[in-house]
1. Find the Rg to Rh ratio for the chain, where Rh is the Kirkwood radius over alpha-carbon pairs and Rg uses the same atoms.
2. Over the chain, with the other protein chains present, what is the accessible area per residue in square angstrom, probe 1.4 angstrom?
3. Given N residues in the stretch 2-73, what is Rg(Cα) / (2.2 N^0.38 Å)?
4. Where does the Debye-calculated log10 I(q)/I(0) of the stretch 83-194 sit at q = 0.11, 0.14, 0.17 Å⁻¹, using only Cα point scatterers of equal weight, no solvent?
5. Using square roots of five times the C-alpha gyration tensor eigenvalues, list the equivalent-ellipsoid semi-axes of the stretch 48-104 in whole Å, biggest first.
6. What is the distance in Å between the Cα centroid of the stretch 127-168 and that of the stretch 90-104?
7. Express the carbon and sulfur contribution to the solvent-accessible surface of the stretch 77-152 as a percent, rounded to the nearest whole number, probe 1.4 angstrom.
8. So what J values fall out for the stretch 95-111 if you push phi through Karplus, 6.51 cos²θ - 1.76 cosθ + 1.60 with θ = phi - 60°, rounded to Hz, Gly and Pro as x?
Amino acid sequence: MKILYSPASPYSAKVRMAAHHAGLAVDSEIVKTDEEPALLIENNPLGKIPVLISDDGAAIFDSRAIIHFLDRASGGKLYPANPEARTEAEVLEALADGITDCLLAHVYERRFRPEEKIHQPWLEKQWAKVARGLTWLQTSPVSFVHGVTGGHFALAALAGYLDLRFAGQWETLWPSHGAFLAEFESRFPAYPEFKSRG
Ligand SMILES: N[C@@H](CCC(=O)N[C@@H](CS)C(=O)NCC(=O)O)C(=O)O
């Protein structure tokens, strides 16, 4: 199996951490989405990463389809078997991925538009969602009673991306992020190796 990724990509960090945690042998190959290389486009018409290419050549995207595939491939190491706990993990993952979506929209607005066309109200709308999401996390502490789940990997990936692209702007909105990361890293010591970097 191989994952197409980039070192900065938070969704890629999520699935690469999950594969490592599940003990699955997965190679990783860096691709530059801006250049739309054939390897990427032939495996994902959307031109987005991560993409997992399975041993029999199937292309699997996006990060949620990949992590569910990895969960099945590992005999259920990434989500709890208990239905309520699984729903909780999936909702946490949806929240973390959703906040990440807003961060990416914010980054792309500034990166891909000419400066005079950057729409400030759009940036503010995305940031309001980020702020509400982080406040939600602060008021609903994350539990590890069912072990490390896909939700935790998504949240750790989000924290890494916040650190990389928004340092100094988000920490007070989610003051308990340090406690979450300490607990996460005690269960997944390889975090520094996988978190988003520029
Ligand atoms: N919902 C997708 C989002 C993937 C995504 O947006 N990836 C970004 C990098 S973090 C990307 O490939 N951007 C390039 C593009 O949109 O063209 C997932 O969960 O995998």
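The values are calculated or read from the model by the stated rules, or taken from the named source; none is laboratory data. Just so we're clear, the structure is a prediction, and the values are computed from it rather than from any experiment. Heads up: the accessible areas ignore ligands, DNA and RNA and are worked out on the full protein's heavy atoms, side chains in. Shrake-Rupley method; radii C 1.70, N 1.55, O 1.52, S 1.80 Å.
1. 0.96
2. On a per-residue basis, 50 Å².
3. The stretch 2-73 yields a ratio of 0.99.
4. Here the Debye-derived log intensity ratios amount to -0.37, -0.58, -0.82.
5. Ellipsoid half-lengths, sorted descending, are 21, 19, 5 Å.
6. Their Cα centres are 8 Å away from one another.
7. Here it works out to 57 percent.
8. 5, 4, 5, x, 5, 4, 4, 5, 5, 5, 4, 5, 5, 5, 4, 7, 7
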